[in-house]
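The values are calculated or read from the model by the stated rules, or taken from the named source; none is laboratory data. Source: prediction; values computed, not measured. With ideal geometry, Cβ positions are generated from the backbone for all residues, glycine too; neighbour counts draw on all protein chains shown. Only protein heavy atoms, including side chains, enter the accessible area calculation; ligands, DNA and RNA are left aside. Shrake-Rupley method; radii C 1.70, N 1.55, O 1.52, S 1.80 Å.
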Amino acid sequence: MAEATATETTNEEWQPKIVMFCCNWCSYGGADSAGMGRFQQPPTVRVIRVMCSGRMDPVFILNAFLEGADGVLFSGCHIGDCHYVNGNYKATIKYKFLKAMVNELGLEDERLKLDWISASEGERYAQVVTEFTEQIKKVGPSPLKPEGVI
Amino acid sequence: MDIGDCYVGWATDEDIRTRGASGGLVTAMLAAALEKGLVEAVVVLKKLGEFEAVPIVTSDPEEVKAAAGSMHSVPIVLSRYLEYGTKVALPAKPCDARSTIEQAKRGQVDIDTTYIVGLNCGGTMHPAMTREMLETVYKLDPEEIVGEEIDKGKLIFETKDGEEHAIKIDELEEDGYGRRESCQYCAVNIPTMADIACGNWGVIGDLAGKGTFVEINTEKGIAILENAIDAGAVEITPADEKGKAIRAKVDGAMMKVAAAADKKYLSPIEGSHLDYYINALSDCINCGACKTVCPVCACGEGAKCTEFSSSSDTYKMSLFHLVRFVHLMDSCIGCGQCTDVCPADIPLTHIYQRFARPIQDEFEYKPGMDMTTPPFFGVDLLEEGH
Ligand SMILES: Cc1cc2nc3c(=O)[nH]c(=O)nc-3n(C[C@H](O)[C@H](O)[C@H](O)COP(=O)(O)OP(=O)(O)OC[C@H]3O[C@@H](n4cnc5c(N)ncnc54)[C@H](O)[C@@H]3O)c2cc1C
Ligand code: SF4
Ligand code: SF4
Ligand code: SF4
Ligand code: FES
C-alpha cells in the first residue's frame, strides 16, 4: 500500500517532455496568441517552427522520440488554409504512415498527434497542449527514452 | 497479336530449346531482341555453378544464350542493374518486374525503353541453405548436382549419375529448408505487371516440358515476341483453353499456399513489439548492405537514412532503421534481398513487411503492380477543391 502511494506521487510530479512542430503561418501564430491572451498551459512543450506542416519529415518525429520525447505533436493550418496550397494534405498522409509505423513499433498510439490550429486560436492552442500533456501523463515516460534522459 | 493473347512458344534453335527451362522461348526472345536491335542490352544471370550466378548486363547474344535455364537457388533481383535511358530487356520474376516498376516511378528506369520479360515464380532458395539442405536432408554432395526442377510440389535434384532425388517442398519447409521465407508468402506468381508473362504452367500434352506458356500484357510484349518470330528465333501456337484453365488453377492454389505462409510468419507479434524490434536490430553492425541491395530504394549515397544517422548514436534503436521502415512502407515488395545479404542474420524482409502491409492495405496500394503513384505523391493541386 505504502509503495503504491509512493509511485502515485512520483507519477503526479512527473512532467512529460513534448516536442511540438508548428507551421510558421498558423500554429506558430496560435502559440503566440496563447501567450498574449495569457491562456494557462503546462510547461511541457518545446516548440519547433517549420514553414509548413507539409515540411514535417518523419525523420524529425522519429528523432524526437529517439532523443527522449515522451510525445510529439504536430500542427498546421486548418485544411483549406495552408499557405502553400496543400501542405497540410501531405501532412495528413505522412501522419497516417507515421501512425501506422508508431503502432507497429509498439509505441503507444497516444504519443503522436496531429491537430490544426490557426493563428487566432490562442485558446485552442492552450487547450490542445493541455489535453495532450494529460494524455502523455497517463501513458507515462516513453520506452524509447535513452538511458539517463529524464 | 493482341494484349491478353496466350500462346505456347519455343526456341527454333534445338540447343536453346533443350537448355531452356521450358521451351527456351525467353532466351530466344532476349537474344533476338539484341540481334535485331530492339534493345541495346540484356540483363541475365551468368551461371558460375549449380547454385551460383552473377547478374550481367550484356550486348552479346551468345552470353544471353548461355544463360538459358532457371536458377532456383539464385534469389537475385535483376532490376538493380538497369540503367536509365538504355534500351534494355530483362527476364523478370514478379519481384524483378515489380521493382523495375517502382524504380520507374522514381525516375531510375525509363519504362518505355525497358522490356520486362516476366517469368512465373513459385519461389527461390538461398544458395548456402540449398547446399546445407542437400547434405543434411537429401544426403547428397552438392558438387554432384547437375540440375534442379520443381514439379508437382516436389523439389527434384538430378545428380551426375543421372538419378533424380525428389522431396516434397512442404516437408522441406517444415524443417526450415526449401524456399526463402519471403517467397513462401509472396502471393504474386504470374507477373501480370510485366510486358509479357512466361512460364511452364499451362503447357500440356506433347508440348509439356518443351514449350513456354506466354501471356501478352502490353504493346512492348507484342513487340518483343513479334520481333523474335520475325527473326525466325521462335515459333508459337495459340494456347488451348484447358492449358489456360490449368495455369489459372495452379496460380490460385499457390496463392492459397502463400496466404497460409502469411498467417504462419506474419501473424501479430505477441508481447511487446518494441522489445521485439530493439532485440532483433541489436545485432546490426551498420554495414548498410540492406539499403544497397534494396531494389525499390531510389536513394543513392547521402540518403536520409544514412545522413541523419551515426554509428556513435546511443539511441535505443538506430535512426537508420526507423527511417527505412517508414520509407519502405509504400514500396517494399517483400523481395527478400535485405534479409539475404544481412551479415547479422536479421530477418529484415519480415520486419519491413510488418510495417508495410497495414498501410498498403489501408491505401489499397500494392507497389509494383502498375504505374499508380505512391499515396503521398498522389496529392495533387486540384484535389478536394484546390
Ligand atoms: C526461380 C524461378 C522459379 C520459377 N517458378 C515457376 C513456377 O512455379 N511456375 C511456372 O510456370 N514457371 C516458373 N518459372 C519460370 C520457368 O522456370 C521458366 O523460366 C519459364 O517457363 C521460361 O522458360 P524458357 O525456357 O522460355 O526460359 P529460358 O530460355 O530458360 O530463359 C530463362 C531466363 O531466366 C533467367 N533466369 C534464370 N534464373 C533466374 C532467376 N533466379 N532470376 C531471374 N532470372 C533468372 C535466365 O538468365 C534466362 O535469361 C520459374 C523461374 C524461376 C527463375
Ligand atoms: S519474392 Fe516472389 S517473385 Fe521474388 S523470388 Fe520469391 S516467390 Fe519469386
Ligand atoms: S526492404 Fe527488403 S524486402 Fe523490401 S523491397 Fe527492399 S530489399 Fe526487398
Ligand atoms: S545488412 Fe544487417 S547488419 Fe548491415 S546495416 Fe542492414 S541490418 Fe545492419
Ligand atoms: S502553411 Fe500552415 S500547414 Fe502549410
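Suppose all protein chains stay in the model; what accessible area per residue would a 1.4 Å probe give for chain B, in Å²? Numbers along the way, then the final one.
Details: 17520 Å² over 386 residues.
Computed with neighbouring chains in place, this is 45 Å² per residue.
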Which far-off residues, 5 or more places away or on another chain, put their amide H under 5 Å from the one on B:Val39, with H placed in the peptide plane? B:Leu34
Amide H contacts under 5 Å for B:Ser73, restricted to residues at least 5 apart in sequence or on another chain and with H modeled in the peptide plane, are B:Met125
If you take the charge dipole of segment A:18-139 about its Cα centre, with +1 on Lys and Arg Cβ and -1 on Asp and Glu Cβ, which of A:Ala126, A:Met51, A:Val102 is farthest toward its positive end? A:Met51
In degrees, nearest 10, range 0 to 90: what is the angle between the Cα axis of helix B:25-35 and the longest Cα principal axis of chain B? 90 degrees
Square roots of 5 times each gyration tensor eigenvalue, C-alpha, chain B, largest first, Å: 34, 26, 20
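If R0 is 35 Å, what FRET efficiency do you get for B:Asp283 and B:Glu158 from their C-beta distance, rounded to 0.05?
Numbers: r = 38 Å, r/R0 = 1.09.
The pair B:Asp283/B:Glu158 has a calculated efficiency of 0.40.
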What distance in nm lies between label points placed 7 Å from Cα along the C-beta direction at B:Glu132 and A:Arg46? 4.5 nm
Express in whole angstrom the spacing between the alpha-carbon centres of segment A:106-129 and segment B:294-346. 30 Å
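When ligands, DNA and RNA are left out and all protein chains stay put, how many square angstrom of accessible area per residue does segment A:18-139 have with a 1.4 Å probe? The partial results should precede the final answer.
Values: 4900 Å² over 122 residues.
I get 40 Å² per residue for segment A:18-139.
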Taking θ = phi - 60°, what integer Hz values does the Karplus form 6.51 cos²θ - 1.76 cosθ + 1.60 yield along segment B:282-298, in sequence order, with x for Gly and Pro? 5, 8, 4, 9, 6, 7, x, 4, 4, 6, 4, 7, 4, x, 9, 7, 9
Rounded to a whole number of µm²/s, how large is the Stokes-Einstein D of segment B:127-178 at 20 °C and 1.002 mPa s, given Rh as the Kirkwood radius over C-alpha pairs? 196 µm²/s
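Per-residue mean of other chain beta-carbon atoms within 10 angstrom of the beta-carbon, peptide B:318-329? Walk me through the numbers on the way to the answer.
Numbers: counts 1, 6, 0, 1, 10, 5, 0, 6, 12, 3, 0, 7.
Mean shielding count: 4.
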Cysteines in chain B lacking a second Cys C-beta under 4.7 Å: B:Cys6, B:Cys121, B:Cys183, B:Cys186, B:Cys198, B:Cys284, B:Cys287, B:Cys299, B:Cys305, B:Cys332, B:Cys342
Go ahead and estimate [θ] at 222 nm for chain B from helices alone: -39,500 (n - 2.57) per DSSP H run with n ≥ 4, summed, over the residue count, rounded to 500. -10500 deg cm²/dmol
Once the cut-off is 40 Å, how many percent of the Cα-Cα pairs in the protein assembly as shown end up in the long-distance tail? 35 percent
What residues of segment A:96-111 lose no less than 50 Å² of accessible area with every protein chain in place versus their chain by itself (probe 1.4 Å, heavy atoms only)? A:Lys96, A:Phe97, A:Met101, A:Glu104, A:Leu105
Report the full-extension gain for the segment B:Thr12 to B:Asp170: residue separation times 0.36 nm, less the Cα-Cα distance, to one decimal in nm. 53.2 nm
Interchain or sequence-distant (5+) residues whose placed amide H lies within less than 5 Å of the amide H of B:Asp110 are B:Gly85
Given a 1.4 Å probe and no ligands, DNA or RNA in the count, how much accessible surface is buried by B and A, both sides, to the nearest 100 Å²? 2900 Å²
